[in-house]
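K.L.:
Once you've had a glance at the structure underneath, I'll fire off some questions.
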Amino acid sequence: MKRALLVIGSVVVVGLVAALVVLRIVGLDPRERRPGLWLTGEPAGVVTDWSFTDRYPTISVQTRTRYLLPHSVTVTCIAYKGQLYLTSVFRQGSPFPEGKAWTSDVMRDPHVRLKIGDKLYDVKLSLVTDAEERRIVLDSKAQKYPTARVAPTSTTYLFRVLPD
């Protein structure tokens, strides 16, 4: 009996490792509200003007989790005066940053990978706390996403994209 359990356990572990190796090779990009793992694409260089992102309604961000697997999600982005910002909306009662895996990961380790189109960018995120900067960028967000509705009881958090 012990031998059978050991064989079954070994097969399960080998299967999981094989699945992770395959996913690492082919990636697993997020889709709309479904999270993913590794982002796939072509590495890109350093960007000084992010205004080209205006044509993308959403982009993907890959964070580093505590358990060594990447976590990727789809987020909205706003370029303002060449600077890129990512947003995350938290419903009333949802704690920041723990309410979402990706924001919790970013607050622990700000080094992330962005996927914009088919290009990958290694950057760092910084939470925006300045009230005036938040107001200006959120006004720009309202122009980019005129039909987006956020409940008045929700809170939108902004992350500024910085070179890594």
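The values are calculated or read from the model by the stated rules, or taken from the named source; none is laboratory data. Just so we're clear, the structure is a prediction, and the values are computed from it rather than from any experiment. No Cβ is skipped: glycine too gets one built from the backbone with ideal geometry, and neighbour counts run over all protein chains shown.
K.L.:
Can you pull out every residue in segment 49-84 that is assigned to a strand (DSSP E or B) and over 12 Å from the mean Cα position of the chain (by Cα)?
P.N.:
78, 79, 80, 83, 84
Here's the yes/no breakdown for (1) within 25 Å of residue 66 (Cβ to Cβ); (2) among the aromatic types (Phe, Trp, Tyr):
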residue	(1), (2)
86	yes, no
102	yes, yes
118	no, no
123	yes, no
135	no, no
152	no, no
159	yes, yes
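K.L.:
Name the residues in segment 41-53 that are touching a Lys or Arg at 6+ places or on another chain (Cβ under 8 Å) and either surrounded by 13 or more Cβ atoms within 10 Å (Cβ to Cβ) or within 17 Å of residue 159 (Cβ to Cβ) (or both), would you? Working first, answer last.
P.N.:
Step one: filter segment 41-53 for residues touching a Lys or Arg at 6+ places or on another chain (Cβ under 8 Å), giving 41-44.
Scanning segment 41-53 gives 41, 44.
K.L.:
Next question. Within segment 24-48, count every residue that is at pLDDT below 65, within 18 Å of the chain's Cα centre (by Cα) and outside any loop (DSSP other than H, G, I, E, B).
P.N.:
1
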